[in-house]
Ligand SMILES: [Zn+2]
């Protein structure tokens, strides 16, 4: 089937009370790993590419690979999403390529590092919504600033410096009309999220619950939500790697988020760890091998295993066949008529 609107995927997830993993891709093996997992677990899925991925793989290579995934897996709803767009132009170029969803991360300035003002964020995000919705394309915004850095994007820091203010989240949703909203509740990008198992002092789940109560129609997004499991760290270190001990976001916390309005969960680090561990293992155990397929195949399998597990844990497993696809052109009509409007004043959520 053609690529599906992310909004439809998330609306269905809200109806079914589950979350949908958004997995980052840079190459063919990662896309295949996701499709192996989605087929095996019968899951709808969000595939996403950062600016760094689009540059690494080149737009056309990457997009054609996604199209191939959609063509080869007609029973799996796939949304293609731009992760952390830094400007209107980045989002526009993704939409022109055929992405069905974009994130405008206006929480940072165009350099992808410096926190912006609230007004700057509203302005650029609204501009992206005004361009995307008439084309049937979904928009995710971000309010508050996440910690850490990934693919050169991020403000750094612990993730607790700019947690989302619920009043601002409501105002932001009202003034931009975004479909989905990434909130900062103490999570960070990258592998080094927490230096101990996170508890209520670092992961502000109460804040998430408050925001969902006030914005029940805006799908919430958790970024930096890899769990960084110890067994994947151990494999890397066992075969010559040197990772410092680190903790990610426990799956139970993500599941609590899903019970409270989280519909999209971004996972990248866990897959990177699985791939690297599998490759290191082949290199260490069979140093005579030099055919890339000898290590890319186990790497692909290792990532597929992690993705399938997350799909089951997030609850999206088994839901691939629940609904028929709404064409993007119909989504555009839904936005034009106001039927898909999520602004609190218009859906009576206040
Ligand atoms: Zn992110």
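The values are calculated or read from the model by the stated rules, or taken from the named source; none is laboratory data. Keep in mind that what you see is a predicted model, and the values were worked out from it rather than measured. Cβ placement follows ideal geometry from the backbone for every residue including glycine, while neighbour counts extend to all protein chains displayed.
Just a few scattered comments:
- No other residue among 167, 270 is without any contact (Cβ under 8 Å) to a residue 12 or more places away in the chain and closer than 30 Å to residue 5 by Cβ apart from 167.
- 1 or more residues within 16 Å of the ligand (Cβ to nearest atom): qualifying helices (runs of 4 or more DSSP H) within segment 186-266: 205-214, 251-259
- Only residues that are in a loop (DSSP other than H, G, I, E, B), touching a residue at least 60 places away in the same chain (Cβ under 8 Å) and away from the ligand (no atom under 16 Å from the Cβ) were counted in segment 73-96, giving 4.
- Scope segment 293-350; condition within 21 Å of residue 6 (Cβ to Cβ), in a helix (DSSP H, G or I) and modelled with pLDDT under 95; matching residues: 344, 346, 347
- Take the conditions (1) surrounded by 24 or more Cβ atoms within 10 Å (Cβ to Cβ); (2) closer than 30 Å to residue 133 by Cβ; residue 193 misses just one of them, which is (2).
- Filtering segment 269-279 for residues that are out of contact with any strand residue (DSSP E or B) (no Cβ under 8 Å at 6 or more places or on another chain), modelled with pLDDT of 95 or more, part of a helix (DSSP H, G or I) and over 23 Å from residue 24 (Cβ atoms) leaves an empty set.
- Flag if residue 186 is free of Cβ contacts under 8 Å to residues at least 40 places away in the same chain and crowded, with 20+ Cβ neighbours inside 10 Å: yes
- Only one of the numbered conditions (1) farther than 23 Å from residue 12 by Cβ; (2) crowded, with 19+ Cβ neighbours inside 10 Å; (3) modelled with pLDDT of 95 or more is not met by residue 207, and that is (3).
- Taken together, the residues in segment 164-184 that are assigned to a loop (DSSP other than H, G, I, E, B) and either out of contact with any strand residue (DSSP E or B) (no Cβ under 8 Å at 6 or more places or on another chain) or more than 16 Å from the ligand (Cβ to nearest atom) (or both) amount to 3.
- Failed condition for residue 287, given (1) touching a residue at least 24 places away in the same chain (Cβ under 8 Å); (2) surrounded by fewer than 17 Cβ atoms within 10 Å (Cβ to Cβ); (3) more than 21 Å from the chain's Cα centre (by Cα): (1)
- Pairs are defined by a Cβ separation below 9 Å, a sequence spacing of at least 6 or placement on different chains, a first member in segment 208-234 that is at positive phi, and a second member that is within 16 Å of the ligand (Cβ to nearest atom) and part of a helix (DSSP H, G or I); the pairs so defined are 224/269; 228/269; 228/270.
- The set of residues in segment 129-149 that are in a loop (DSSP other than H, G, I, E, B) and either at pLDDT 95 or above or in contact with a helix residue (DSSP H, G or I) (Cβ under 6 Å, 6 or more places away or on another chain) (or both) comprises 136, 137.
- Test result for residue 152, at pLDDT below 95, touching a strand residue (DSSP E or B) at 6+ places or on another chain (Cβ under 9 Å) and either away from the ligand (no atom under 16 Å from the Cβ) or closer than 28 Å to residue 249 by Cα (or both): no
- Residue in segment 41-49 that is closer than 22 Å to residue 304 by Cβ, assigned to a helix (DSSP H, G or I) and in contact with a helix residue (DSSP H, G or I) (Cβ under 8 Å, 6 or more places away or on another chain) present: yes
- Test result for residue 53, buried (at least 16 other Cβ atoms within 10 Å of the Cβ), within 18 Å of residue 149 (Cβ to Cβ) and within 16 Å of the chain's Cα centre (by Cα): yes
- Residue in segment 103-116 that is within 15 Å of the ligand (Cβ to nearest atom), closer than 22 Å to residue 60 by Cα and touching a strand residue (DSSP E or B) at 6+ places or on another chain (Cβ under 9 Å) present: yes
- Subset of segment 229-254 that is crowded, with 21+ Cβ neighbours inside 10 Å and touching a strand residue (DSSP E or B) at 6+ places or on another chain (Cβ under 8 Å) - its residue that is farthest from residue 21 (Cα to Cα): 248
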